[in-house]
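Colleague: Before I ask anything, let me first share the structure, which is written out below as structure tokens.
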Amino acid sequence: RTAEALRTIAGFRRRMADDTGLETGSELARLEQRMLGHEPELRGPAPATAEWPRHATPLFGRERELDQLDEQTRAQRIVTLTGTGGIGKTRLACALADRRRAAGQPVHFLPLAALAPDDDPADRLAAALGLRVPATQDPAVAVHERIGSGGQLLVLDNCEHVLDAVRELVDALTTRRSDLTVLATSRTRLGLAGEHVVRIAP
């Protein structure tokens, strides 16, 4: 809402001049210049892209794996949680998302199971974040501008059937200057440099 913020500053400046005859200070002018420069640090955390599944029962028997996943996603920028279908990858990723959100970290969750093989996860993620991406802009760039800073966590769930497109998206988000952490769940690894794989057993 940059345009609205700039209009508010201009209105405040006029009121100061009309009501008191004073000029606004240099700090407000610097803030205005930062807004005009679209500095990403001025953006608040984006809202979660989707609410992840909620479970009525606590997570039993996976405490060690959850702690390991928590540790790895703090130390690594790309973590892939792998295992056979139905083994509980999504459940474990949701438990981590719950833990991180409770700690105050911005978390984004994008389920990919319903995507067709020719769908673009970058387009879906941009839409989920509420971004209006011009036709001339790469949606991955727009997503990076929105969530690439602020120590945020992105969970991409069920990646195996759109693996190539997810690989391109994650590579685009993490090769730029960023402190974003990506957790993917997939039956197979993404195959990216710097990827750390956590495999869970039955």
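Colleague: From the phi angles alone, apply the Karplus equation (6.51, -1.76, 1.60; θ = phi - 60°) to region 188-202 and give each ³J(HN,Hα) in whole Hz, x where the residue is Gly or Pro.
Modeller: In residue order, the calculated couplings are 10, 5, 6, x, 9, 5, x, 6, 10, 9, 10, 9, 9, 9, x Hz.
Colleague: Something else now. Would you mind computing, in nm to one decimal, how far apart the modelled labels at Thr24 and Arg74 are, each placed 7 Å from Cα along Cα→Cβ?
Modeller: For Thr24 paired with Arg74, the spin-label model returns 4.1 nm.
Colleague: Subtract the Cα-Cα distance of Met35 and Ala193 from 0.36 nm times their separation in residues, and report this length gain in nm to one decimal.
Modeller: 53.4 nm
Colleague: Over the heavy atoms of Asp120, what accessible area does a 1.4 Å probe trace out, to the nearest 10 Å²?
Modeller: Asp120 has an accessible surface of roughly 60 Å² with all protein chains in place.
Colleague: Please list, in chain and number order, the residues 5+ apart from His108 or on another chain whose amide H is under 5 Å from its amide H, with Hs placed from the backbone.
Modeller: For His108, whose amide H was placed from the backbone, the distant partners under 5 Å are Leu153, Leu154, Val155.
Colleague: Relative contact order, percent, of region 53-202 when contacts are C-alpha pairs under 8 Å separated by at least 6 residues?
Modeller: 38 percent
Colleague: Once you put a point 7 Å from the Cα of Glu63 and another 7 Å from the Cα of Glu145, both along the Cβ direction, what distance in nm separates them?
Modeller: About 4.6 nm, to one decimal.
Colleague: Here's something else I'd like to know. With a sphere of radius 14 Å drawn around the Cβ of Ala10, what net charge do the other residues whose Cβ falls strictly inside it have (Lys, Arg +1; Asp, Glu -1)?
Modeller: Result for the neighbourhood of Ala10: 0.
Colleague: Could you state the number of Å between the C-alpha centres of region 8-28 and region 55-71?
Modeller: Here the two parts' Cα centres lie 53 Å apart.
Colleague: Could you compute the net charge surrounding Gly25? Neighbours are other residues with a C-beta less than 12 Å from the C-beta of Gly25; K and R count +1, D and E count -1.
Modeller: Once all neighbours under 12 Å are counted, the net charge is -1.
Colleague: Of the candidates Pro134, Pro53, Pro111, which one comes out as most mobile in a Gaussian network treatment of the chain with C-alpha springs shorter than 10 Å?
Modeller: Checking each option, the largest mean-square fluctuation is seen for Pro134.
Colleague: Another question, then. Just how much of His196 is accessible, in Å², when a 1.4 Å probe is used and the result is rounded to the nearest 10?
Modeller: 60 Å²
Colleague: Okay, next question. Would you mind computing, in nm to one decimal, how far apart the modelled labels at Ala56 and Asp138 are, each placed 7 Å from Cα along Cα→Cβ?
Modeller: Label at Ala56, label at Asp138, 4.6 nm between them.
The values are calculated or read from the model by the stated rules, or taken from the named source; none is laboratory data. The model shown is predicted, which means the values in this text are computed figures rather than measured ones. Every residue, glycine among them, receives a Cβ derived from its backbone with ideal geometry; neighbour counts consider all protein chains shown. All accessible areas refer to the heavy atoms of the entire protein, side chains included, with ligands and DNA or RNA removed. Shrake-Rupley method; radii C 1.70, N 1.55, O 1.52, S 1.80 Å.
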